[in-house]
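Data first, discussion second: the structure below is written as structure tokens.
What follows is calculated from the coordinates using simple rules that are stated; it is not laboratory data. It should be emphasised that the depicted structure is a prediction, and the values quoted were computed from it without experimental measurement. Note that we place each Cβ from the backbone using ideal geometry, even for glycine, and neighbour counts take in every protein chain shown.
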Amino acid sequence: MSIRDIPLTTISGGTTTLAEHKDKVVVVVNVASKCGLAPQYDVLEAMYEKYRDRGFVVLGFPSNQFFQEPGEGEAIEESCRINHGVTFPIMQKIRVNGKDAAPLYQELTKTPDAHGKAGKVKWNFEKFVITPDDTVHRFRPMTAPDAPEIISVIEGALAPAA
């Protein structure tokens, strides 16, 4: 099974997969509204607005694994929209580490970061960039979403500007 075939649940309870975004560059990021890194929502939204017409999407996966996303469902989505202007898709709250980690994260965490380290998600806002050829690039939480190394991967895989 391809990473794009793993079942996902939307914040409203619907079922989807990454195959819905098969020709897109996808940023998968575990998010939390009470985290000190929450301003990354604003940067992710700006990137989504800038690149979405070229085949780019951000998928936010709320997680309370680090005790910074106490909300549920619509409350999470509303908080993202009101506090950060988020319009990119927010998925159902999940676990990103351990034996109960969501299947998508069980696969993503096999990918090493720039230092060759795979394994557990270290904190909120760890970013995984999946290119249309299903290559996964991993960026740790303290790497800003618009850091040159992330933008280079995204722009290198996007459709040319019209």
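Going through 110, 24, 117 one at a time, which residue ends up being more than 21 Å from residue 152 (Cβ to Cβ) and not aromatic (Phe, Trp, Tyr)? Walk me through how you get there before you give the answer.
Numbers: 24 fails: more than 21 Å from residue 152 (Cβ to Cβ); 117 fails: more than 21 Å from residue 152 (Cβ to Cβ).
Going through 110, 24, 117 in turn, just one is more than 21 Å from residue 152 (Cβ to Cβ) and not aromatic (Phe, Trp, Tyr): 110.
Filter the stretch 35-61 down to residues that are assigned to a strand (DSSP E or B) and within 17 Å of residue 158 (Cβ to Cβ) and give me whichever is farthest from the chain's Cα centre (by Cα).
Kept after step one, since they are assigned to a strand (DSSP E or B), are these residues of the stretch 35-61: 56-61.
Then keep just the ones that are within 17 Å of residue 158 (Cβ to Cβ); that gives 56-59.
Values: 56: 12, 57: 9, 58: 6, 59: 4 Å.
Once the filter is applied, the top-ranked residue is 56.
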> Taking the stretch 116-129, which residues are of a type in the set (A, V, I, L, M) and either outside any loop (DSSP other than H, G, I, E, B) or more than 16 Å from residue 95 (Cβ to Cβ) (or both)?
Replying inline: 118, 129
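Quick check on residue 47: is it surrounded by fewer than 17 Cβ atoms within 10 Å (Cβ to Cβ) and hydrophobic (A, V, I, L, M, F, W, C)?
no
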>> If I filter the stretch 97-115 down to residues being small (Gly, Ala, Ser) and under 13 Å from residue 65 (Cβ atoms), which single residue comes out as surrounded by the most Cβ atoms within 10 Å (Cβ to Cβ)?
In response: 102
> Among the residues of the stretch 132-153, how many are within 15 Å of residue 23 (Cα to Cα) and within 13 Å of the chain's Cα centre (by Cα)?
Replying inline: 1
> Somewhere in the stretch 123-131, is a residue closer than 22 Å to residue 62 by Cβ, more than 12 Å from the chain's Cα centre (by Cα) and of a type outside the set (Gly, Ala, Ser)?
Replying inline: yes
>> If I filter the stretch 130-162 down to residues being part of a loop (DSSP other than H, G, I, E, B) and hydrophobic (A, V, I, L, M, F, W, C), which single residue comes out as surrounded by the fewest Cβ atoms within 10 Å (Cβ to Cβ)?
In response: 162
> Got a number for residues in the stretch 116-150 being farther than 18 Å from residue 64 by Cα and touching a Gly at 6+ places or on another chain (Cβ under 9 Å)?
Replying inline: 2
> Can you find a residue in the stretch 16-34 that is assigned to a loop (DSSP other than H, G, I, E, B), surrounded by fewer than 20 Cβ atoms within 10 Å (Cβ to Cβ) and among the hydrophobic types (A, V, I, L, M, F, W, C)?
Replying inline: no
> How many of the residues in the stretch 102-122 are within 15 Å of the chain's Cα centre (by Cα) and of a type in the set (Gly, Ala, Ser)?
Replying inline: 1
